[in-house]
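*Asks:* Take this structure first; my questions come after.
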Amino acid sequence: MSLARKWPMALVALILVTSAPAVAEAGGARSTIRYTEHGVPHIVAKDFDGLGYGYGYAAAKDNICELANGYLTVSAQRSRHFGPDGTGNSALSSASGNLNSDLYFQRIIDEGTVERLAAQPAPLGPRAEVRELVSGYTQGYNRYLAETGPDGVTDPACRGADWLRPIDELDVYRHFYAIATVSGQGALADGTVTAAPSQPVASDTDHTATAERLKAGLERTLGTGELGSNGIAIGSEGVAENAGARSVLLGNPHYPWHGGRRFWQSQLTIPGRFDVSGASLLGVPLVQIGHTANAAWTHTVATPRTFGLFEVPLVPGDPTSYLVDGRPEKMTSSTVRVAVKQEDGSLGEVQRTLYGTRYGPVLTSATGVPLPWTGQSAHALRDGNAANLRGLNTWFGLNQAQSTGQILRALTETQGAPWVNTVATDRAGNALYSDVQVVPHVTDELERDCGTPLGHKLFAASAVSILDGGRSSCAWGTDADAVEPGLFGPARLPAQQRRDYTLNANDSAWLANAREPITGYPRIVGTIGTERSARTREALSRVEEVLSGKGFSTDSMKELLFAEHSKMAELAAPDAAKMCAAFPDGQAPSAHGPVDVRTACDALAGWDHSYRLDSLGSLLFERFVLNLGSAGGQWLTAFDPADPVRTPNTLNTGAAAVQTAFGNAAAELRDAGIPLDARLADYQSVTRNGVRIPLHGAPHQLGVLDVISPVWDARRGNVEVSTGSSFLQVVAFGRDACPDASTLLTYSQSADPTSPYFADQTELFSRGEWARGRFCERDILASPALHVVPLR
């Protein structure tokens, strides 16, 4: 349908000839939403209240069920509506069920944590403009819900639900607080809401084994390797001479395709004052990954652990009192009450007494690993983000930034980035890497002097500290430039600005640029001189390869991502093909006996090492690498810190574990009825509204930049995506005043299967195509899909 048929011609003429201010104020609209292709809203208002109003309305229209589910969660009402045994909301905590989720969030409510933080002046509390945005957002969300009513919601996930309700500003702040703390206290929610004094038990002296279990549990809970991202910033010395650009940025976060941690795309404009485009996690009325007219940025999940533990010695005979410097202190205790839906539909109540210390809540397990509350000691948790509502100010500052210097200033002055690195470029040709975020002030010296025996092992393995809570001198330190006590100040955290490139693929800061490694930061920030992931090695290899040629353009950056080249395949596939051909009678060993692999050998030998749709044999290699895991002995050439991009290498094809992993992979495909030389497109897909959409990409272990974490079905192959490439952007700044931007939201704007924007970009993603990023007025008004919604 043409624009003229949607709107009167007089209005069409007004749109096409006027500027943004006139559109925003036409008819006295509080906010104006201008939709372009794929349902992307360009929201214009004369103030931040109106901007938030339009954002809240448009976000609710696309994702009311996901948003409402989040507000239900942070208001501790899941058990009331769904019963105590249902799964929790993994987007906002790692609580294993509704009851634990509600107990965790009800404790936050009872303690008035978010109210106290929101009442503080900036920079610790929200700045005035953020308060206006949140106020407007709340009203816009409520307007949409009032217009539709629960019964008018089209998404079957919540149509007619009794838990669809209006929200207030506190709901929005609580939701952001949950996001900020999800990698700290939220990750350990179960352990804090089930903590109670136990009978004395013998202490576990095998600290190495316990530390390894804790490390594995944390990696599993925090999604290490699943939740991640790539950020590549190319400065003026790295762009092609004929590209017409001064810098190019790739933003490629790997985030959940389902649930409350989906991204949603928008542009926010107050003419002459504020103009930013990009995407944010649902419910955050600011752009979190995006660009302004002159600067662009993205984030990657960072390596610093944002929390730590303290072991407190207990007063003999009194398990709820502990000693600090020999003086007894009584634990705090509070009775938390949660309404619970019974089997007969009636409401009951669960009460639980929860305990705390000067450091934070007591916990008796961490990601399922017991930390017993004995007669001698107990453990307490401190989260570096426990007072972080100021991250809203951080992203407001990024939304205003016009240079990498201003981006770094926003990060430094607010120090509210909760658990992410920042990679950025600007029109002047700068490339920035920054790990200025929330990092507990635990120096290597403090850990050495104050770490417990288990703490020493855990800190070495995963940078999580367990300090002696019986000595006040073992509390976290602080820096003079830290925004909040207990944190490292920005000057102590890694940052690097260059004119060639910076990048991050979820490893530590060490090789943000392979030509100038970053060193000198504390262990808690990350490792130095250690093996990099296959994905980091792929990013460094490909960037250096392009720089040694003609340099980058927007097209070559997009091609870099969708080339789907696998570093693991480059390193191991040729040797795997030779191993395959050498198996006697073509039979590889597997856990269930020999398996015929003859059809795989030629496919692997002729494979181009990519995960494109037409790749043959790539699915077998993927299952091989996943079966191989991270067990030692798979490489003949060990890691060399002097050659970190090329080592380790050379597959150890003589190792029994390597041969069996290959056979196990072949057996998996055989049992699923999948040919060993199958085309990837035939067995890796998602289904949306009955339509099968094939997908390129591969799990992070394969060293592919375009990460897809597929859901494996033993009978059909990869049939869904849990996490992976989400909001993609390539942004270049050149001679044109308008940024050259291409974007793609892989799972599309709406989670509502009745929406036209439920799978349209997923189909684009399948085809390897991008959407045009419309930022300047001329581009927005030229959109063939332009549709204007004034909100009065």
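The values are calculated or read from the model by the stated rules, or taken from the named source; none is laboratory data. Everything quoted here is computed from the prediction, not taken from an experiment. We place every Cβ from the backbone using ideal geometry, glycine too, and count neighbours over all the protein chains shown. Calculation scope for accessible area: heavy atoms of the full protein, side chains included, ligands and nucleic acids excluded. Shrake-Rupley method; radii C 1.70, N 1.55, O 1.52, S 1.80 Å.
*Asks:* Can you go through VAL193, VAL239, VAL182 and tell me which one is over 23 Å from PRO84 (Cβ atoms), surrounded by 19 or more Cβ atoms within 10 Å (Cβ to Cβ) and β-branched (Val, Ile, Thr)?
*Replies:* VAL239
*Asks:* Out of curiosity, is ALA576 touching a strand residue (DSSP E or B) at 6+ places or on another chain (Cβ under 9 Å) and surrounded by 24 or more Cβ atoms within 10 Å (Cβ to Cβ)?
*Replies:* yes
*Asks:* Here is a list: ALA243, ALA216. Which entry is part of a loop (DSSP other than H, G, I, E, B) and either more than 29 Å from ASN63 (Cα to Cα) or of a type in the set (D, E, K, R) (or both)?
*Replies:* ALA243
*Asks:* From the list VAL436, VAL420, which residue is in contact with a Ser or Thr (Cβ under 6 Å, 6 or more places away or on another chain) and either within 30 Å of ALA737 (Cα to Cα) or hydroxyl-bearing (Ser, Thr, Tyr) (or both)?
*Replies:* Going through VAL436, VAL420 in turn, the sole match is VAL436.
*Asks:* Which one is farthest from ARG535 (Cα to Cα), of the residues in segment 556-603 that are among the charged types (D, E, K, R) and not in a helix (DSSP H, G or I)?
*Replies:* Applying the filter and picking the extreme gives ASP596.
*Asks:* Then there's this: Have a look at PRO166, PRO123 and point out the one that is surrounded by fewer than 23 Cβ atoms within 10 Å (Cβ to Cβ), under 26 Å from the mean Cα position of the chain (by Cα) and closer than 25 Å to GLY50 by Cβ.
*Replies:* PRO123
*Asks:* Now, a different point. I'm told ALA737 meets every condition in (1) under 29 Å from SER247 (Cβ atoms); (2) hydrophobic (A, V, I, L, M, F, W, C); (3) crowded, with 24+ Cβ neighbours inside 10 Å except one. Can you identify the failing condition by its number?
*Replies:* Unmet for ALA737, out of (1) under 29 Å from SER247 (Cβ atoms); (2) hydrophobic (A, V, I, L, M, F, W, C); (3) crowded, with 24+ Cβ neighbours inside 10 Å: (3).
*Asks:* Can I ask one more? Which of (1) among the β-branched types (Val, Ile, Thr); (2) in a helix (DSSP H, G or I); (3) open to solvent by 10 Å² or more (accessible area, probe 1.4 Å) is the odd one out, the single condition THR87 does not satisfy?
*Replies:* Only one criterion is unmet by THR87, namely (2).
*Asks:* Then there's this: So the check is Cβ under 7 Å with 6+ separation or different chains; which pairs have a first residue in segment 535-550 that's assigned to a helix (DSSP H, G or I) and basic (Lys, Arg) and a second one that's modelled with pLDDT of 95 or more and surrounded by fewer than 18 Cβ atoms within 10 Å (Cβ to Cβ)?
*Replies:* Short answer, once both residue conditions are applied: ARG537/VAL645.
*Asks:* For segment 496-517, state whether one or more residues are hydrophobic (A, V, I, L, M, F, W, C), touching a residue at least 40 places away in the same chain (Cβ under 8 Å) and surrounded by fewer than 21 Cβ atoms within 10 Å (Cβ to Cβ).
*Replies:* Scanning segment 496-517, I find at least one residue that is hydrophobic (A, V, I, L, M, F, W, C), touching a residue at least 40 places away in the same chain (Cβ under 8 Å) and surrounded by fewer than 21 Cβ atoms within 10 Å (Cβ to Cβ), so the answer is yes.
*Asks:* Going through VAL788, VAL731 one at a time, which residue ends up being in a strand (DSSP E or B), at pLDDT 95 or above and touching a His at 6+ places or on another chain (Cβ under 9 Å)?
*Replies:* Exactly one residue qualifies, and that residue is VAL731.
*Asks:* Among the residues that make up segment 294-316, is at least one of them touching an Asp or Glu at 6+ places or on another chain (Cβ under 9 Å), under 19 Å from PHE396 (Cα atoms) and outside any strand (DSSP E or B)?
*Replies:* Yes: one or more hits.
*Asks:* Does segment 409-440 hold any residues that are open to solvent by less than 10 Å² (accessible area, probe 1.4 Å) and farther than 27 Å from ALA463 by Cα, and which are they?
*Replies:* THR425, ASP426, GLY429, ALA431
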